[in-house]
Every structure is written in structure tokens, then in C-alpha cells.
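This report concerns only the one structure given below.
Rule-based calculations on the coordinates, nothing more; no lab input. Keep in mind that this is a model prediction, so the values were computed, not measured. Backbone-built Cβ (ideal geometry, glycine too); neighbour counts: all protein chains shown.
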Amino acid sequence: MEFEGTVYKILPVTKGTSARGEWQRQDVVFEMNEGSFTRKICVTFFNKPDDVARLKEGAAYNVSVNIESREYNGRWYTDVRAWRIQPKQQEAAPAPMPDMPPIVEEPAYASAPAQEVDDLPF
């Protein structure tokens, strides 16, 4: 799944050690504008400290995530994990062409009415 959101808050890093080795997790809350209201989504970055370090609060990004739910002791838990994040491309105004002269309107000649030319054959 992919969504466009603005970084609302970057939460502190959580670190630990498991049977597979050391791990690092950091949650980032994104804000999505949907019409007249906003939604907040907490996204987990697992072992991606470089990705989180590039984020800036208030900046817009396109975020690709995997959503997965799992059951533990009869309760369900849902993870939203980021696997790609890209800054949103700002639409830039077209740059003027430097080698083109400015467009000048031709003056209107209102002093003499244009004569009709009959170019049809007899």
C-alpha cells in the first residue's frame, strides 16, 4: 500500500536484542489530509535508522508500507511497516525560455477599413 502524508511527529528509537541479534525500531506519525478532515497513521521503521534520519517534521512524503495483523493470546495486533519512503515531488512552475524574445502584440489599425478581396473564379 502507498500513501502521501506529512510527518507529524518522529518518536524516540527503541532498541533491543533478540536471538537473531540486535534490532532497532522507530515509529513516525504521518498526517494525511482527506478532504475536510485529517487522519494520523503511525508507521514503524524497523532497522532503518538512515531512512528516519532523513525525515523532517512538516515535510511531505510518499510512503510505501506493508500492513500485517497477528494474534497473540486472543488479541489482535496490527503493524504498519515502511519499506520505502520518497520525498513528495513539488510541482514547479515552468521556467521561461531564455532564448525566446518576449511576445509583443501587434497594434490594431483602425484608421482604414480592410477591403475585401474577391479571389473566387467567375
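Could you give the length gained on full extension between GLU4 and TRP83, defined as 0.36 nm per residue of separation minus the Cα-Cα distance, in nm?
27.0 nm
By counting other Cβ atoms within 10 Å of each Cβ, how are MET1, MET32 ranked from fewest to most?
Sorted ascending by nearby Cβ count, the order is MET1, MET32.
Over all alpha-carbon pairs of region 2-87, lay out the pair-distance distribution in 10 Å bins, whole %, shortest bin first.
Answer for region 2-87: a P(r) of 16, 46, 29, 9, 1 percent.
Between ALA53 and TRP76, what length comes free when the chain is fully extended (0.36 nm per residue of separation minus the Cα-Cα distance, one decimal in nm)?
5.2 nm
Percent antiparallel among DSSP beta bridges with both residues in region 2-87, to the nearest 5?
Looking only at bridges with both residues in region 2-87, the antiparallel portion is about 95 percent.
Please give the length that would be gained between LEU120 and LYS40 if that part of the chain were fully extended, namely 0.36 nm times their separation in residues minus their C-alpha to C-alpha distance (nm, one decimal).
In short, 21.5 nm is gained.
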